[in-house]
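Data block below; observations after.
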Amino acid sequence: MNRADIDRMALDAAYEQARKSLSEGGIPIGSALVNADGVIVALGHNLRVQTGDPTAHAETACIRNAGRRRDWHTLTMATTLSPCAMCSGTAVLHRIPRIVIGEHHTFMGREDWLAAERIETVLMNDLRCIAIMEEFITARPELWNEDIGVPPSK
């Protein structure tokens, strides 16, 4: 499997996680960690609504599910949405060298920070990822704003 195939497979797995979160009443963001051979190491989806944990974003849930490791520096993380500051920071902390991003049309996270840390980002502009977020934001703007830290309007 070449790198492009691994990226697509990882993003497909992340997208399925996003769908899982949505089916649970949560925010439709998913993540996957894969090794250089394309083996999925861990999966995660946004669990903030389901668990009441404001740090349970998809990427952090995925990293938690990966457990203790010494090979972070060899992994690729796929995420359906541009990672926020917290999730970008987690990738920086663990020295994950490569992140495949489904889309940043609906939300631009801290890709600038990832670039400053020389983390390779691959933007897929995936139409499925854009559509699931656009539909969610339209249907549940208050929940989306809560997730990204936008105060309620008065």
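Each reported figure results from applying straightforward, stated rules to the coordinates on display, with no laboratory input. Every value quoted in this text rests on a predicted model; they were computed, and no experiment measured them. Every residue, glycine as well, gets a Cβ built from its backbone with ideal geometry; the counts of neighbours run over all protein chains shown.
Note the angle between two axes, namely the Cα long axis of helix 127-139 and the longest principal axis of the Cα atoms of the chain, as a number of degrees from 0 to 90, rounded to the nearest 10.
20 degrees
With each pseudo-label sitting 7 Å past Cα toward Cβ, what's the VAL150-ASP12 distance in nm, one decimal?
In this crude spin-label approximation the distance works out to 3.4 nm.
Under a crude label model (7 Å from the Cα following the beta-carbon direction), how far is GLU120 from ASP5 in nanometres?
Modelled inter-label distance: 1.7 nm.
Taking the Cα-to-Cβ direction at ARG69 and at VAL92 and moving 7 Å from each Cα, how far apart do the two end points lie in nm?
It works out to 2.0 nm between the two label points.
Taking amide H atoms as placed 1.01 Å from N in the peptide plane, list the residues 5 or more away in sequence, or in a different chain, whose amide H sits under 5 Å from that of THR121.
The list, which skips near neighbours in sequence, is ILE99.
Report the GluC sites (Glu not before Pro) located in the range 92-126 that are in a DSSP loop and have at most 16 other Cβ atoms inside 10 Å of their Cβ, or state none. List each step's numbers first, then the result.
Numbers: sites: GLU103, GLU111, GLU117, GLU120; in loops: GLU103, GLU117.
Sparse-neighbourhood loop GluC sites (Glu not before Pro): GLU117.
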